[in-house]
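Enquirer: Here it is, the structure in full.
Each reported figure results from applying straightforward, stated rules to the coordinates on display, with no laboratory input. Quantities reported herein were computed from a predicted structural model and do not represent experimental measurements. For neighbour counting, all protein chains shown are included, and Cβ atoms are generated from backbone atoms with ideal geometry for every residue, glycine included.
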Amino acid sequence: MFDGGGSTRIVVTPSGAVHVRDELHQATIVFYQGATDDVCALATLPVLGRGRGNLHFTVKNGVNGSTSVQATFGGILDLLAGGRVRMLGVGNIVFDSFGNLTIREDHFDLHPIGH
């Protein structure tokens, strides 16, 4: 379930490649302590902050069998311990036709911006 406004665009090229782009604007962001690949496990992790932000997510399926995934998200979070931070995350990964993963870009930053 998502809140905030947004759009999804799907493009199929003449070569057969498929591009899907999702954009969410002013969606609720919850920042948890810890990381997990199981979204249900988030319910057991402490919440460090909440805020509003934007998400841009693109998946490209190439005709050569590769899949690239790009995600950018950012916003302003109010920390439960006090203070505010500007959050920015960027990921760019590629799976080749054999399923091998290459990480081209992966970073996450929190910058304090005061109370």
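Enquirer: What pairs can you find where one residue is in segment 5-25 and over 19 Å from Leu55 (Cα atoms), the other is among the polar types (S, T, N, Q), and their Cβ atoms are less than 6 Å apart, with a gap of 6+ or different chains?
Expert: So the pair list comes out as Val18/Asn61.
Enquirer: Given the criterion within 18 Å of the chain's Cα centre (by Cα), over 28 Å from Leu110 (Cβ atoms) and in a strand (DSSP E or B), identify the matching residue among Val11, Val20. Can you show your working first?
Expert: On the way: Val11 fails: within 18 Å of the chain's Cα centre (by Cα).
None of the others qualify; the one that does is Val20.
Enquirer: Kindly indicate the residue of segment 18-39 that is loosely packed, with under 13 Cβ neighbours inside 10 Å and of a type in the set (D, E, K, R) and also farthest from Leu88 (Cα to Cα) among those meeting that condition.
Expert: Only one residue fits best here, namely Asp38.
Yes/no per residue for (1) assigned to a strand (DSSP E or B); (2) surrounded by 12 or more Cβ atoms within 10 Å (Cβ to Cβ); (3) basic (Lys, Arg):
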site	(1), (2), (3)
Ala41	no, yes, no
Arg50	yes, yes, yes
Val69	yes, yes, no
Ile76	yes, yes, no
Arg86	yes, yes, yes
Ile93	yes, yes, no
Glu105	yes, no, no
Asp109	yes, no, no
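Enquirer: Next question, about the same structure. Hey, could you check segment 52-67 for residues that are of a type in the set (Gly, Ala, Ser), over 15 Å from the mean Cα position of the chain (by Cα) and surrounded by 15 or more Cβ atoms within 10 Å (Cβ to Cβ) and say which is nearest to Ser7 (Cα to Cα)?
Expert: Gly62
Enquirer: Is it the case that segment 31-54 has a residue that's under 30 Å from Gly16 (Cα atoms) and hydrophobic (A, V, I, L, M, F, W, C)?
Expert: The answer is no; no qualifying residue exists.
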